[in-house]
Structure formats: C-alpha cells, structure tokens
Amino acid sequence: MQNAGLEVKKYSYYDTTTSSLNFDGLLADMDKAEAGSCFLLHACAHNPTGMDPTMEQWKEISAMMTKKGHFPFFDCAYQGFASGDAPTDAAAIR
C-alpha cells in the first residue's frame, strides 16, 4: 500500500491484556480517522488474532463507515474456514 503512494496507519483491533477484540478502540479510531479513509478488514477468521466481530458489531462498524464515508477493503482469504460455511463467513461483506 505504501509503495502505491498511500499513507498507512494502524487502528485499534486487538486488546492484548484481555485477549479479545478492542471494539470500542476500533470504533473510536474509525471515528477519529479522516473522512473517506480506507480500512483493511478481515471478513472472517481474522489473521492473526482469530478475533472476529459479532454480526451486531459488524452492523456498528458498517454504520461508522457510512457516517464517515470510509471505504472498507475486505481480505476474505479464509471464507468458509471460520464457521465452516462460506455464505455465513461472507456476512460481514454483505
């Protein structure tokens, strides 16, 4: 991404103290990001943490993306491996 001329920044995702998704930090960073930012997200089987948002959390992520005019860029390399069902694992993209 940097070689393509994009400025790459990190956002909160994993809380090492609780070994869980830092959902509040994720939403806060999305809200603080410049409008129209692009976020690389794993659709399922998040690599390397394995911490996937719930469907309710995906709805909140989607609402924040819409509010800020962000662009989601999904990595869905493991579709079907998280739940065993490819359509279920594609729900975040839909």
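So, in the range 2-19, exactly how many residues are in a loop (DSSP other than H, G, I, E, B) and either at pLDDT 90 or above or under 16 Å from H42 (Cα atoms) (or both)? Summing the residues that are in a loop (DSSP other than H, G, I, E, B) and either at pLDDT 90 or above or under 16 Å from H42 (Cα atoms) (or both) in the range 2-19 gives 12.
May I ask you to list the residues in the range 73-94 that are closer than 26 Å to G36 by Cβ, of a type outside the set (G, A, S) and either surrounded by 15 or more Cβ atoms within 10 Å (Cβ to Cβ) or touching a residue at least 40 places away in the same chain (Cβ under 8 Å) (or both)? Within the range 73-94, F74, C76, I93 meet the criteria. In the range 52-68, the residues that are in contact (Cβ under 8 Å) with a residue 24 or more places away in the chain reach residues that are assigned to a helix (DSSP H, G or I) and not aliphatic (A, V, I, L, M) with C-beta atoms within less than 6 angstrom, at least six apart or across chains, in these pairs: Q57/F23.
Each row is one residue, and each column tells you yes or no for (1) over 24 Å from Q2 (Cβ atoms); (2) at pLDDT 90 or above; (3) touching a helix residue (DSSP H, G or I) at 6+ places or on another chain (Cβ under 7 Å).
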{"site": "M30", "(1), (2), (3)": "no, yes, yes"}
{"site": "A35", "(1), (2), (3)": "no, yes, yes"}
{"site": "A43", "(1), (2), (3)": "no, yes, yes"}
{"site": "H46", "(1), (2), (3)": "no, no, no"}
{"site": "P53", "(1), (2), (3)": "yes, yes, yes"}
{"site": "G80", "(1), (2), (3)": "yes, yes, yes"}
{"site": "A90", "(1), (2), (3)": "yes, yes, no"}
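Give me the residue from the range 43-94 that is hydroxyl-bearing (S, T, Y) and outside any helix (DSSP H, G or I) and, out of that set, farthest from S12 (Cα to Cα). In this case the residue turns out to be S83.
The rows are residues; the columns are (1) exposed (fewer than 15 other Cβ atoms within 10 Å of the Cβ); (2) over 24 Å from P87 (Cα atoms); (3) among the hydroxyl-bearing types (S, T, Y).
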{"residue": "L6", "(1), (2), (3)": "yes, yes, no"}
{"residue": "T18", "(1), (2), (3)": "yes, yes, yes"}
{"residue": "L21", "(1), (2), (3)": "no, no, no"}
{"residue": "D24", "(1), (2), (3)": "yes, yes, no"}
{"residue": "M30", "(1), (2), (3)": "no, yes, no"}
{"residue": "E34", "(1), (2), (3)": "yes, yes, no"}
{"residue": "C38", "(1), (2), (3)": "yes, yes, no"}
{"residue": "L41", "(1), (2), (3)": "no, no, no"}
{"residue": "H46", "(1), (2), (3)": "no, no, no"}
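The values are calculated or read from the model by the stated rules, or taken from the named source; none is laboratory data. Just so it is clear, the model here is predicted, and its values are computed rather than measured. Using ideal geometry, Cβ is built from the backbone for each residue, glycine included, and neighbour counts are taken over all protein chains shown.
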